[in-house]
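Novice: Following this message is one structure expressed as structure tokens.
Each value in this text was obtained by applying a stated rule to the coordinates, not by laboratory testing. All values reported here derive from a predicted model rather than from experimental measurement. Positions of Cβ are backbone-derived with ideal geometry, glycine not excepted, and every protein chain shown enters the neighbour counts.
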């Protein structure tokens, strides 16, 4: 299974590099273009969840103690699981849905369309399940009943938010701003000097010095992360491609790889300063982290719910508000329970996505003459 994963990562990264070199000046524009700020906010909050906020403080001790991660420091490991290279997955799918899919329409083929939406729904539910699983670690003293009630409420709010793209946009920008604010507040609360904080940030260099190691699974846990990224990749590309506003291919790659990675790197560096200096996180700061984590979960869910309902034609205008809200709430809640009480795993969804990649690559190869015509260098120069 991990051999398949390694091959899939290598092919994905190689394809991303090929696209950026061969079609670097193609202008990418989605059907609902937004400003770069709004686009990056939606990308950042839709493509991540509460794990970004809460996992590092739990994972740093593991990366510091286990031999398989000893080739670099825990901050570099954490960043490698969340930052930079893995965002190339999102670049590949965003470019595809911006530029290629409108020409070939492969995701309009009935089998692909249904598999695609099954993936979206399953991954959407996994996001809520992940919060359900880790809630006791986030919220001290929460009971099982309270945990399920909180997740049910989060799903309902996300379904409601998905009814209007304005809610998605506002929530994305607001949560991105809150994320940056929390990073600053926690940094100030740590009493770190500029010199000490920069010395912590420098540890991120350990990732770039060992970037080749992150192309294949370092451990079983890293493999789980990579399957998770694959599961997310195809649907996040579909969603955020709608909002790209005239970026050239190379600009899109930079926007996806660099902008989120800067924010992630600063946040992880702040948390790593707490860990390495054994600074306790106060109850107030932990509460702020939980609150922001909840908002990130809602952001992720509302984006995915809007995506699969649009794809399937089951939007609010067709179903009506009440059926839309109740139906989607029941669907996601039921799948969360399936993750909880059955062997269903995100690794299976990731493998299904890799299989879908193979199908798309094969169909594109068969239609390569069409792509060769549409993407001739002269046409690209005209578009640029």
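Novice: Please order 95, 275 by the number of other Cβ within 10 Å, starting at the fewest. All intermediate terms of the calculation are to be shown ahead of the outcome.
Specialist: Details: 95 26, 275 21.
Sorted ascending by nearby Cβ count, the order is 275, 95.
Novice: Against the globular-protein guess of 2.2 N^0.38 Å, express the Cα radius of gyration of segment 26-146 as a ratio, rounded to two decimals.
Specialist: So segment 26-146 has a normalised radius of gyration of 1.37.
Novice: Hey, another quick one. How much length, in nm to one decimal, is gained on full extension between residue 108 and residue 245, taken as 0.36 nm per residue of separation minus their Cα-Cα distance?
Specialist: Between residue 108 and residue 245, full extension yields 47.0 nm more.
Novice: While we're here: Would you mind calculating the gained length between residue 32 and residue 198 on full extension (0.36 nm times residue separation, minus the Cα-Cα distance), in nm to one decimal? Mind showing how you got there, number by number?
Specialist: Working: separation 166, 0.36 × 166 = 59.76 nm, distance 3.90 nm.
Full extension of this stretch gives 55.9 nm more.
Novice: What is the distance in Å between the Cα centres of segment 64-136 and segment 142-160?
Specialist: Answer, in whole Å: 24.
Novice: What is the distance in Å between the Cα centres of segment 313-364 and segment 226-250?
Specialist: Using only Cα atoms, the two centres lie 17 Å from each other.
Novice: Normalise the Debye intensity by I(0) for segment 174-279, one equal point scatterer per Cα, no solvent, then take log10 at q = 0.20 Å⁻¹ and round to two decimals.
Specialist: Relative scattering, expressed as log10 I(q)/I(0), comes to -1.25.
Novice: Most exposed first by the Cβ proxy, i.e. fewest other Cβ within 10 Å, how do 4, 139, 21 rank?
Specialist: So the residues, fewest neighbours to most, are 21, 4, 139.
Novice: Kindly put 222, 317 in sequence by how many other C-beta atoms sit within 10 Å of each C-beta, fewest to most.
Specialist: Least to most surrounded, the residues fall as 317, 222.
Novice: Quick one: what does P(r) look like for segment 206-356 with 5 Å bins over all Cα pairs, in whole %?
Specialist: Answer for segment 206-356: a P(r) of 2, 6, 9, 15, 18, 17, 15, 10, 5, 2, 0, 0 percent.
Novice: At 0.36 nm per residue, minus the direct Cα-Cα distance, what do residue 215 and residue 334 gain on full extension? Give it in nm, one decimal, please.
Specialist: Net length gain for the segment: 39.4 nm.
Novice: On to the next question. Give the Debye-formula value of log10 I(q)/I(0) at each listed q (0.09, 0.12, 0.14 Å⁻¹), with one equal scatterer per alpha carbon of the chain, two decimals each.
Specialist: -0.52, -0.95, -1.31
Novice: Can you list the equivalent-ellipsoid semi-axes of segment 271-338, largest first and in whole Å, using the square root of 5 times each Cα gyration tensor eigenvalue?
Specialist: Those come to 37, 12, 11 Å.
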